[in-house]
Amino acid sequence: MADLFQLESTADVASGAAGSRLGTDLSTGALRRKYNFGDRVSELAIASDPFFRFVSKVAKKPTDDPEFKFTERRPSFHKRYAYVVAQGTSAQTAVDDEATLTAANVAVGKTYHLLMGTDYLSSGNIGLVYGQTNTSIEVGNSGTRPSFFLQDQIIKVNMTDDTLAAGDTSVSAEDYFLAKIEAVTTVGNYVNLECTIVRTMADQTKVEVCSYYAATTSIDDVDISGKSISDYLEPKRCYVVGTSHAQGSGYPETWKDQPFSTGYGRTQIWKTAMAMDNTTRATVLKYEPNEWARVWKEKLIEHKWDIEQSIMFGSQYDSGDEWYTQGAVDFISSYGNTFSLTHSSKTQDDFLDDLSSFLDPRYNNANASLFFCDTATYNWLHKLSGYFSNNLEVSPNFRADMSLTAKKKVFGVDISVISTPFGDMNVARNIHLDGSPIKLLACNMRYCAYRPLVGNGLNRDTAIYVGVQTLENSGVDRRVDLIQTEAGMEWQMPEAHAYWS
């Protein structure tokens, strides 16, 4: 123990020395003696760990296993869509590169075939995450075959004119036709639908299927992970829009989704130690008489600071000897929606476009998000939200689309409430993000949890261990204290997170 815990004395700093906070050469003597200094002493107070405060207050879920598992559930009611990747008057068995159809072939009552593929995994209903090219799910990938198409369903296919743009240019749905499914045939990761047309295009010049990437390129050849749902993908999607059955036709076919997927997390052990000899403990000092109590308080803050850093930036890893829990930044940057943010070029309109994509209910319903940001972004958001009221307000009753509406404290953390067309943003400054590539981190507090290890009568959430050691050849007892925490982070619903960098 003696070589692990070294007691050091802190040298006094003369008032006039280099780096002194006071501009005087007056010597004050030994700093720890009273010399009638008075009773006041200033203390630097900072909001050092806002994320840890929130998860320990509202999202603490003890676990009795250091390697814990959890289940995610994603509903399918809004995911019964697919993209046309081939079409024609006969059964389609392979993707083709022709978006043009003949209007006469989709006249009412005609039989027409559509080869359909989609962009999410049927097992778990795991879909696209905005900006995640490394984990993107493309149209026609293994496991994406649409299983929800049934006989007697009606589907809507969006159409545009014969000048369908090439490349990444978005298209708008200028017309559509409706088709009733007569038969469904599996073709690899796709399905061929034999349909009867029940509504053709009102404008017979709209003969390009919107779901193609371009007139001569099927959407299954495109990385669509960075595409906006509302602007780019939605016009290309073909939805089930009901069913139609004959009178007395009996029970229809049915299908069942599989909305569950599982994940796992690990606990990490944090330790902070302090040592104090009994002579120092028994000596009454100035400002804070009990030196042991002062150091103990600082060590608790240090321990909490380390946990905050870990649950922000840590990465889930098994070294063989230790486990590491996953931090918010690592999880969200790997699985969450990602956007770019450059303060000098990002306008308020651009930012609201990002919010629109992030809060799109087809991606997530993250209205419980808490936005942690670095200092520069914290100032930038306040400048954006304050500009209208400070410079453009024309009457007290005219409301800005993005404005600072309230300031409050939650668990001692300062929260700014910024009103936007997509709901209120609860914004907290987090100094741990300063100097990192992360500008703004949005965490849905409903779906993340701080998981201390608790079981069999033991609680590893900030446990305290005390020992007394006798120094060799001195006969002096030294008190040794160990602060230890074993906990991990659990993350669910990756669609419910976002970050800007």
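Identify all residues within the range 94-114 that are touching a Ser or Thr at 6+ places or on another chain (Cβ under 6 Å) and within 12 Å of Ser211 (Cβ to Cβ); write none if there are none.
Val95
Condition check: out of contact with any Pro (no Cβ under 7 Å at 6 or more places or on another chain), surrounded by 15 or more Cβ atoms within 10 Å (Cβ to Cβ), polar (S, T, N, Q) and at pLDDT below 90. Does Ser211 satisfy that?
Details: out of contact with any Pro (no Cβ under 7 Å at 6 or more places or on another chain): yes; surrounded by 15 or more Cβ atoms within 10 Å (Cβ to Cβ): yes; polar (S, T, N, Q): yes; at pLDDT below 90: no.
The answer is no for Ser211.
Do the conditions hold for Trp270, that is, is it among the aromatic types (Phe, Trp, Tyr) and either modelled with pLDDT of 90 or more or in contact with an Asp or Glu (Cβ under 7 Å, 6 or more places away or on another chain) (or both)? Spell out how you get there, then give the answer.
Details: among the aromatic types (Phe, Trp, Tyr): yes; either modelled with pLDDT of 90 or more or in contact with an Asp or Glu (Cβ under 7 Å, 6 or more places away or on another chain) (or both): yes.
When the stated conditions are applied, Trp270 passes them.
Which residue is farthest from the chain's Cα centre (by Cα), if the candidates are limited to the range 442-454 and must be surrounded by 20 or more Cβ atoms within 10 Å (Cβ to Cβ) and over 18 Å from Trp305 (Cβ atoms)?
Leu453
If you go through the range 102-121, how many residues are in a loop (DSSP other than H, G, I, E, B) and buried (at least 22 other Cβ atoms within 10 Å of the Cβ)?
Going residue by residue through the range 102-121, those that are in a loop (DSSP other than H, G, I, E, B) are 102, 107-110, 118-120.
Still in the list and also buried (at least 22 other Cβ atoms within 10 Å of the Cβ): 118-119.
Total satisfying the criteria: 2.
With the condition kept exactly as written, say whether any residue in the range 65-77 is in contact with a Gly (Cβ under 9 Å, 6 or more places away or on another chain), modelled with pLDDT under 90, part of a loop (DSSP other than H, G, I, E, B) and closer than 30 Å to Gly488 by Cβ.
Among the residues of the range 65-77, at least one is in contact with a Gly (Cβ under 9 Å, 6 or more places away or on another chain), modelled with pLDDT under 90, part of a loop (DSSP other than H, G, I, E, B) and closer than 30 Å to Gly488 by Cβ, which makes the answer yes.
Output the strands (runs of 3 or more DSSP E) that fall wholly within the range 406-501 and possess 2 or more residues being at pLDDT 80 or above, or say none. If you could, list the steps in order and put the result at the bottom.
Numbers: elements: 413-420, 423-429, 440-444, 448-452, 463-470, 477-491, 498-500.
Strands (runs of 3 or more DSSP E) meeting the threshold: 413-420, 423-429, 440-444, 448-452, 477-491.
So, in the range 217-242, exactly how many residues are out of contact with any Ser or Thr (no Cβ under 8 Å at 6 or more places or on another chain) and surrounded by fewer than 14 Cβ atoms within 10 Å (Cβ to Cβ)? Outline the logic, then answer.
First, pick out the residues of the range 217-242 that are out of contact with any Ser or Thr (no Cβ under 8 Å at 6 or more places or on another chain): 217-218, 220-222, 227, 233-234, 239-242.
Still in the list and also surrounded by fewer than 14 Cβ atoms within 10 Å (Cβ to Cβ): 241-242.
Total meeting the criteria: 2.
I'd like to know if the range 143-152 contains one or more residues that are in contact with a helix residue (DSSP H, G or I) (Cβ under 9 Å, 6 or more places away or on another chain) and among the polar types (S, T, N, Q).
Just the residues of the range 143-152 that are in contact with a helix residue (DSSP H, G or I) (Cβ under 9 Å, 6 or more places away or on another chain), to begin with: none.
No - not one qualifying residue is present in the range 143-152.
Pairs please, first residue from the range 76-94 and farther than 14 Å from Ser218 by Cα, second anywhere and of a type in the set (D, E, K, R) and assigned to a loop (DSSP other than H, G, I, E, B), Cβ atoms under 7 Å, 6+ apart in sequence or on different chains.
Here the result reads Ser76/Asp257; His78/Arg362; Tyr81/Arg237, each pair linking the range 76-94 to a residue that is of a type in the set (D, E, K, R) and assigned to a loop (DSSP other than H, G, I, E, B).
Quick one: is Val284 over 30 Å from Ile464 (Cα atoms) and of a type in the set (Val, Ile, Thr)?
Details: over 30 Å from Ile464 (Cα atoms): no; of a type in the set (Val, Ile, Thr): yes.
It is false that Val284 is over 30 Å from Ile464 (Cα atoms) and of a type in the set (Val, Ile, Thr).
Which of the residues belonging to the range 318-343 are of a type in the set (S, T, N, Q), over 16 Å from Leu433 (Cα atoms), outside any strand (DSSP E or B) and touching a strand residue (DSSP E or B) at 6+ places or on another chain (Cβ under 9 Å)?
If the condition is that a residue be of a type in the set (S, T, N, Q), over 16 Å from Leu433 (Cα atoms), outside any strand (DSSP E or B) and touching a strand residue (DSSP E or B) at 6+ places or on another chain (Cβ under 9 Å), then Thr325, Gln326 are the ones that fit.
Farther than 23 Å from Pro66 by Cβ, within 40 Å of the chain's Cα centre (by Cα) and modelled with pLDDT under 90: which single residue out of Lys304, Lys297 fits that description?
Working: Lys304 fails: farther than 23 Å from Pro66 by Cβ.
The conditions single out Lys297.
Yes/no matrix, rows are residues, columns are (1) in contact with a helix residue (DSSP H, G or I) (Cβ under 7 Å, 6 or more places away or on another chain); (2) assigned by TED's automatic domain parsing to the domain that holds Ile269; (3) at pLDDT below 80:
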site: Thr338; (1), (2), (3): no, yes, no
site: Thr342; (1), (2), (3): no, yes, no
site: Asn364; (1), (2), (3): yes, yes, yes
site: Leu381; (1), (2), (3): no, yes, no
site: Glu393; (1), (2), (3): no, yes, yes
site: Asn397; (1), (2), (3): no, yes, yes
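Out of the residues in the range 122-151 that are farther than 19 Å from Lys236 by Cβ and of a type in the set (A, V, I, L, M), which is surrounded by the fewest Cβ atoms within 10 Å (Cβ to Cβ)?
For the range 122-151, the residue satisfying everything is Leu150.
Could you list, in sequence order, the residues of the range 275-317 that are among the basic types (Lys, Arg), assigned to a helix (DSSP H, G or I) and touching a residue at least 24 places away in the same chain (Cβ under 8 Å)? Break it down stepwise before answering.
The first filter runs over the range 275-317 and keeps only residues among the basic types (Lys, Arg), leaving 281, 286, 294, 297, 299, 304.
Add one more test, that the residue is assigned to a helix (DSSP H, G or I), and what stays is 281, 294, 297, 299, 304.
Those that are among the basic types (Lys, Arg), assigned to a helix (DSSP H, G or I) and touching a residue at least 24 places away in the same chain (Cβ under 8 Å): Arg281, Lys299, Lys304.
The values are calculated or read from the model by the stated rules, or taken from the named source; none is laboratory data. No experiment lies behind these values; they were computed from the predicted model shown. Neighbour counts are summed over all protein chains in view; Cβ atoms, including those assigned to glycine, are modelled from backbone coordinates with ideal geometry.
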